[in-house]
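The values are calculated or read from the model by the stated rules, or taken from the named source; none is laboratory data. From a predicted model like this one, the values you see are computed outputs, not experimental measurements. Heads up, the Cβs are rebuilt from the backbone with ideal geometry, glycines too, and the neighbour counts pull from every protein chain shown. Heavy atoms of the whole protein, side chains included, go into the accessibility calculation; ligands, DNA and RNA do not. Shrake-Rupley method; radii C 1.70, N 1.55, O 1.52, S 1.80 Å.
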Amino acid sequence: MLRLFLLISFFYFTGIETSAQQDSFYILTPPPPVQPRLNNPLVYGCRSGNDFLYRIPCQGERPIVFTVKGLPKSLRLDKNSGVISGKSPAKGTYQLNVIAKNKHGVNTKSFKIISGEKIALTPIMGWNHWYAYFDKPTDALIRQAADVMLSNGLADAGYNYVCIDDCWTNAYEKNRMPIQDSLRLKRRRDSSGSILPNDYFPDMKAMTDYLHQKGFKAGIYSSPSKRTCAGFEGSFGYEEKDAKQWAQWAFDLIKYDRCSYPDDAPYNTLEQAKYPYEKLGQALKKINRDIYYSLCQYYGSEKDGDVWKWGGSIGGNSWRTGTDINAFLPDVFKVALRNIQFAAYQKPGEWNDPDFLMLGWLGNRRTGGIYRTTMHPNTQYAYVSLWSLMASPLFFSSRIDKIDAFTLNLLTNHEIIAINQDPLGLCGRLVTLNEKQFLLVKELHDGATVVGIFNRNSTDMEIKINLKDIGLKETYDVRDCWRQVLIGHDLSSFQTTVPAIGCAVIKFSKTN
Ligand code: GLA
């Protein structure tokens, strides 16, 4: 018995898998073509006069040469990398056309820049260090994440934020989970009150320069309390100063995590719940930089004042709708069904956030080892499908350097990503079929409708949909988005086998 336990622990913590496990990681999506395939969203928001940076995501064999028609004068394009940079143009809408060419072919796609008040007109996509490295992030690991995302195709699929989570500052000595590393226990602020990164981040600006040069945006983290969730320096009382510092370091995103706020102050009313977030929101408004404001109240519960009702009004671009995803896994259906309740509150620039995509190889905070998610592959398909259909931020938080072919395939299906990035920004509408099966029906900007068919039963199920029952009154061409194949013409009903605790994602476009 003991031997068996030791053997299982060995596989668990070293990450060595049996071939039976490997086999079950079935890949549905064909690899990207050698010809260029542009993956930019159709619409992109920025604020006039601020720094602009966008790397056009494009799959296909490199070298690829990019051309952009209609580029405003304040912007320039690096034709080899596809990075557009410069200053955001005067307020207005700019209709661009992107062309990508390599020795195998050409692809073109439209790209509308709206220079106005809003950023993140489609859900943002990226990587966050939390479930990979927990309290041990370093400058080198952040840079490495960007390098890996460029080399393994994640960036070409659209993932362009690289984010540090908690633990880049110095920690308090007395801590709920004491920090042993003296290099993370130094002075938390200097004599003028400026926040100090710990020794693992020797030069924040050099690090963000590195990310920006490669076309990535950089994210940072803090808390409105004295301490962050892991017991590191937070921003309580230094909100304006810290916001200016993040901007000077050229960060593009701040995740603001409630943690121990309000320390000793009362926390019972809506005003009290809103206060710390409004405070940073006001500080960020004074800064001439497009900084995505990610609200995270840790619990995201009703006690926190129903953040989905006011997060957008105080400048938030997204807000967590529930507690940490690791507490809920593997039941991602539960997380999604909670998030869907708040569907009406999200719109382009203001998103519900059901937390990270915690897939692939994960860090183990206690042992420092790694393990592969134990979630069934069917459910992993459902996980990504749900986030796509809900238009949730797509943030992969796992060991990016260890990403395997299955996980990469899950994250880079351009048809699934396009559903997430649809300019209407709708969260799929819930249609309950019975206790254990439901549909998410999402209308797209071009008149097509995508239906996620979800099966929470532990056996595969045959599921039939009469299209008129979900408001589709004509006949349709039917496409399987995971397999990227057309599976029927002229249909008015549809039937398929949906795997146990899994899904099918089907797109219905009007037959011409
Ligand atoms: C909270 C957040 C997590 C992560 C940790 C860091 O638990 O919800 O996403 O940021 O804090 O300590």
Legend entry - Pairs with Cβ under 9 Å, 6+ apart, first in the stretch 108-128 and within 24 Å of Lys255 (Cβ to Cβ), second within 16 Å of the ligand (Cβ to nearest atom) and β-branched (Val, Ile, Thr): Gly126/Val162; Trp127/Val162; Asn128/Val162; Asn128/Ile164
Inset, instruction - Only one of these is modelled with pLDDT of 95 or more, touching a Gly at 6+ places or on another chain (Cβ under 6 Å), closer than 20 Å to Thr412 by Cα and open to solvent by less than 20 Å² (accessible area, probe 1.4 Å): Ala120, Ala146. Name it. - result: Ala120
Inset, instruction - Could you tell me whether the stretch 189-197 includes any residue that is within 16 Å of the ligand (Cβ to nearest atom), on the phi < 0 side of the Ramachandran plot and open to solvent by less than 20 Å² (accessible area, probe 1.4 Å)? - result: no
Legend entry - Long-range neighbours under 6 Å by Cβ, at least six apart or interchain, first residue under 12 Å from Gly70 (Cα atoms) within the stretch 84-95, second open to solvent by 60 Å² or more (accessible area, probe 1.4 Å): Gln95/Lys112
Inset, instruction - Scan (1) within 16 Å of the ligand (Cβ to nearest atom); (2) part of a helix (DSSP H, G or I); (3) open to solvent by 30 Å² or more (accessible area, probe 1.4 Å) for the single condition Gln282 breaks and write down its number. - result: (1)
Inset, instruction - Could you give me the residue pairs with C-beta distances under 6 Å whose first residue belongs to the stretch 59-83 and is assigned by TED's automatic domain parsing to the domain that holds Pro41, whose second residue is among the small types (Gly, Ala, Ser) and open to solvent by less than 40 Å² (accessible area, probe 1.4 Å) wherever it lies, and which are 6+ apart or on separate chains? - result: Ile64/Ala100; Phe66/Gly82; Phe66/Ala100; Ser74/Gly86; Leu75/Gly86; Arg76/Gly86; Val83/Gly215
Legend entry - Yes/no for Asp166 being assigned to a loop (DSSP other than H, G, I, E, B) and within 16 Å of the ligand (Cβ to nearest atom): yes
Inset, instruction - Look through Ala120, Ala140, Ala146 and report the one residue that is on the phi > 0 side of the Ramachandran plot and more than 16 Å from the ligand (Cβ to nearest atom). - result: Ala120
Legend entry - Selection count, the stretch 213-247, where residues are within 11 Å of the ligand (Cβ to nearest atom) and in a loop (DSSP other than H, G, I, E, B): 6
Legend entry - Only one of Ala250, Ala206 that is modelled with pLDDT of 95 or more, more than 16 Å from the ligand (Cβ to nearest atom) and at positive phi: Ala250
Inset, instruction - Note down all Cβ pairs under 9 Å where the first residue falls in the stretch 176-188 and is in contact (Cβ under 8 Å) with a residue 12 or more places away in the chain, the second is among the β-branched types (Val, Ile, Thr), and they're at least six residues apart or on different chains. - result: Arg184/Thr169; Leu185/Ile179; Arg188/Thr169; Arg188/Ile195
Inset, instruction - Please name all residue pairs, on different chains or six or more residues apart, with Cβ atoms under 7 Å, provided the first residue is in the stretch 281-300 and is in the same structural domain as Phe356 (by TED's automatic domain parsing) and the second residue is of a type in the set (A, V, I, L, M) and in a strand (DSSP E or B). - result: Ile291/Leu253; Ile291/Ile254; Tyr292/Leu253; Tyr293/Ile254; Ser294/Leu253; Ser294/Ile254
Inset, instruction - Quick one: which strands (runs of 3 or more DSSP E) lie wholly within the stretch 291-382 and hold at least 2 residues that are within 16 Å of the ligand (Cβ to nearest atom) and open to solvent by less than 20 Å² (accessible area, probe 1.4 Å)? - result: 292-296, 318-320, 351-353, 361-363
Inset, instruction - Assess whether Ser397 counts as being touching a helix residue (DSSP H, G or I) at 6+ places or on another chain (Cβ under 6 Å), open to solvent by less than 10 Å² (accessible area, probe 1.4 Å) and in contact (Cβ under 8 Å) with a residue 24 or more places away in the chain. - result: yes
Inset, instruction - Among the residues of the stretch 463-512, count how many are touching a Gly at 6+ places or on another chain (Cβ under 9 Å) and open to solvent by 80 Å² or more (accessible area, probe 1.4 Å). - result: 1
Inset, instruction - Name the one entry in Thr459, Thr432 that is of a type in the set (Ser, Thr, Tyr), open to solvent by 20 Å² or more (accessible area, probe 1.4 Å) and either free of Cβ contacts under 8 Å to residues at least 12 places away in the same chain or not in a loop (DSSP other than H, G, I, E, B) (or both). - result: Thr432
Inset, instruction - Please name all residue pairs, on different chains or six or more residues apart, with Cβ atoms under 6 Å, provided the first residue is in the stretch 151-175 and is assigned by TED's automatic domain parsing to the domain that holds Tyr200 and more than 18 Å from Asp199 (Cβ to Cβ) and the second residue is of a type in the set (Ser, Thr, Tyr) and more than 16 Å from the ligand (Cβ to nearest atom). - result: Gly153/Thr412; Ala157/Thr412
